[in-house]
Amino acid sequence: MHLPASQALVPELIVRLSSPSTNAELAELARAGDLPSFTTLVTDDQTAGRGRLDRVWVAPAGTALAISVLIRSAEISPQRLGWLPIAAGVAMTETIAASLPAASVGFKWPNDVLVGGRKVCGVLAELLPEHSGVVVGAGVNLSMTQQQLPVPSATSLAVEGADAEPDTVLAGYLGRLQQLISGYLDAGGDAETSGLAQRARELCETLGREVRVEMPGGRVLEGTATGLDRNGRLIVRDTAGAEQAVAAGDVTHARLAS
Ligand code: BT5
């Protein structure tokens, strides 16, 4: 892959012809060496991509990008790190929306970028040991045809008629991600001050919707998504009217709240 615009943006861009998982590979390199923040590892042939909760992320070779970015975040308190995958969702949403002005592009809390309600990108942030940083991974479907989509709920930039050129998409994403995350780190992890929280609220399709949230322990919460709190948690007003903050879970959007 020829990625000159992206290369110019980050301290180091590591391009792999193939990788089992860019998140796993970058985490390994970060453990072994002294890589700086925003070191990025990318491939268009990821063979064992990881989703959340032991799910898999799949894409035929040459049709998608797997992108992992190292964030050195030692100075940020752990409960605020939930903003990092949200920043990735915001950056990818803005990048894709720039080439699809007529389409509805947004993100579903916490980590899916959707075009017309279909998933074009998934995000997985993984903590490194000893609070030494976070690897923020994003998989984005570029030139995948309708027949190549791995699941019916997926879409790709090509299917949607958006610009699917790898360097354009990667540079757009990395440039915006660095702006958002640098601002957030400079503000000591305060996403309200840095403006990340406000931008996230504007682009988060989950807010105002009726949702069903499957929590990690199996508990299910149903209600209306009313906001994002200062740690990036989703606030859900349940059917009894009580508000609960959700740090992790799988969200299904129901009909638009009236
Ligand atoms: C995610 O998990 O959406 C996170 C995906 C993160 C992938 C990136 S690629 C770079 C980095 N390196 C890695 O190893 N991983 C990260 P989750 O919310 O659990 O969604 C997984 C579900 O999305 C699967 O169970 C499928 O239903 C669906 N899916 C799998 N591949 C997809 C694709 N290419 N496009 C759309 N949906 C997909």
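For the reader, a short list of remarks on this structure follows.
- Scope the range 18-28; condition near the ligand (Cβ under 9 Å from one of its atoms), of a type outside the set (A, V, I, L, M, F, W, C) and touching a residue at least 40 places away in the same chain (Cβ under 8 Å); matching residues: S19, S21, T22, N23, E25
- Residue check: A158 meets all listed conditions (1) modelled with pLDDT under 95; (2) at negative phi but one, namely (1).
- Of the residues making up the range 200-221, just one is more than 14 Å from the chain's Cα centre (by Cα), touching a residue at least 24 places away in the same chain (Cβ under 8 Å) and part of a helix (DSSP H, G or I), namely R201.
- Number of positions in the range 145-178 that are surrounded by fewer than 20 Cβ atoms within 10 Å (Cβ to Cβ), farther than 24 Å from L84 by Cα and among the small types (G, A, S): 3
- Some residue of the range 41-53 being crowded, with 23+ Cβ neighbours inside 10 Å, at pLDDT 95 or above and within 30 Å of D186 (Cβ to Cβ): yes
- Inside the range 169-204, residues that are closer than 16 Å to N111 by Cβ and within 15 Å of the ligand (Cβ to nearest atom) make up a count of 2.
- The range 60-86 residues that are of a type in the set (F, W, Y), paired with ones that are outside any strand (DSSP E or B) (beta carbon under 7 Å, 6 or more apart): W83/Y184; W83/A191; W83/L196; W83/G232
- Taken over the range 29-77, the criterion of being assigned to a loop (DSSP other than H, G, I, E, B), of a type in the set (A, V, I, L, M) and away from the ligand (no atom under 13 Å from the Cβ) is satisfied by L35, A74, I76.
- Selection from the range 110-168 of residues that are away from the ligand (no atom under 13 Å from the Cβ) and in contact (Cβ under 8 Å) with a residue 60 or more places away in the chain: L128, P129, S132, G133, G161, A162, D163, P166, D167, T168
- R209 within 27 Å of R55 (Cα to Cα) and in contact with a His (Cβ under 6 Å, 6 or more places away or on another chain): yes
- Criterion applied to G175, G232, G249, G227 was being in contact (Cβ under 8 Å) with a residue 24 or more places away in the chain and closer than 25 Å to A64 by Cα, and the one residue passing it is G175.
- Residue in the range 83-102 that is surrounded by 21 or more Cβ atoms within 10 Å (Cβ to Cβ), in a loop (DSSP other than H, G, I, E, B) and within 16 Å of the ligand (Cβ to nearest atom) present: no
- Index of the failed condition, D229 passing every other in (1) more than 30 Å from L13 (Cα to Cα); (2) buried (at least 19 other Cβ atoms within 10 Å of the Cβ): (2)
The values are calculated or read from the model by the stated rules, or taken from the named source; none is laboratory data. The structure displayed is predicted, hence computed values, not measured ones. Cβ atoms come from the backbone with ideal geometry, glycine included; neighbour counts cover every protein chain shown.
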